[in-house]
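Here is the structure we will look at.
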Amino acid sequence: MKRIAIGLLSAAVSGSLLLSAGTASAERVALSVRIDNVSPNPVVVKGDDDTRVTIEVRTTEATRVELRLRPVSDQARTQAAEDPRLLHKGDLWRFTTSFDENDFEGRWVAIADAYDKDGKKVTDEVNFSVVHEEAEKADTRVYRFSANPENVRKGRWVYFTGRLQVDDDRWKGVRGEEVEIYFRKRGSNTWKFVTSPDTGWQGTFRAKARAYSSGEYRAIFDGTDELSESRSRTDKVRVYTRRW
């Protein structure tokens, strides 16, 4: 992907357009340029995807057209654009480029400069806008979370198991994501971090921690750019002290 400061898209064709057939006294057609269309407008960038944009320019008597794209902002921004493509057919000049999440969000201006064979220039410009949207996230769930045993001697291990799943037509395991496990002591309102296992095959995760107080545990998945956050049900554990 090519980085360009103001999105300069240029193209040239050799020769000049033939004058329309007519009487010998027909006058030369004047040089003109008009930006017909910016599509889509607004340009909606979703997540980290690229959005392709097409700008159509109509001219008469032009042998070269340059198209500049710049944000309407006091801050200099860099546009991320693919190598521009051009389709030139008759008086139509069609430019294509793309925008991504790194491009300025707000008002932009497209400026078309058309030149004839003698170097004369005419200009047209139109405004369009760029909007950033978060990509829609898939639903997730922390399934069958448990903390065992239910009754454990103080200082012994509590073992955690569960499964992280994503709703992709049906619930499927998610591998390679981090799940955090928290503990809330009985009588307290505060959740404290315990450990953070990674999910493995079919989204399963396992972990352990020493138990020092009675209370409840739960597992939380913070989500990603593609996956929504979710949390498990709570599971209680009673801790007792050995008596002699």
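Would you calculate the separation in nanometres between label points at A30 and D168, each defined as 7 Å from the Cα along the Cα-to-beta-carbon direction?
Label at A30, label at D168, 6.0 nm between them.
How far apart, in nanometres, would the label points at K46 and T161 be if each is projected 7 angstrom from Cα along the Cα-to-Cβ direction?
A separation of 3.9 nm, rounded to one decimal place.
On full extension of the chain, what length is gained from T234 through T195, given 0.36 nm per residue of separation minus the C-alpha to C-alpha distance?
Computed gain between T234 and T195 is 12.5 nm.
Could you grab the relative contact order for the range 181-244? Cα pairs under 8 Å, six or more apart, rounded to a whole percent.
Dividing the mean separation by the residue count of the range 181-244 yields 29 percent.
Residue separation times 0.36 nm, minus the C-alpha to C-alpha distance between V131 and K208: what's the value?
Difference between extended and current length: 23.2 nm.
Which whole-number percent is the relative contact order of the range 30-175 (Cα, under 8 Å, 6+ apart)?
The value is 25 percent.
If you average over every viewing direction, what projected area does the convex hull of the Cα atoms of the range 109-244 give, in nm²?
Seen from a random direction, the Cα hull of the range 109-244 projects 14.6 nm² on average.
Read the figures in this text as sums done on the coordinates, not as results from a lab. Because the structure is predicted, anything quoted here is derived from the model rather than measured. Don't worry about glycine lacking a Cβ; one is built from the backbone with ideal geometry, like all the others, and counts go over all protein chains shown.
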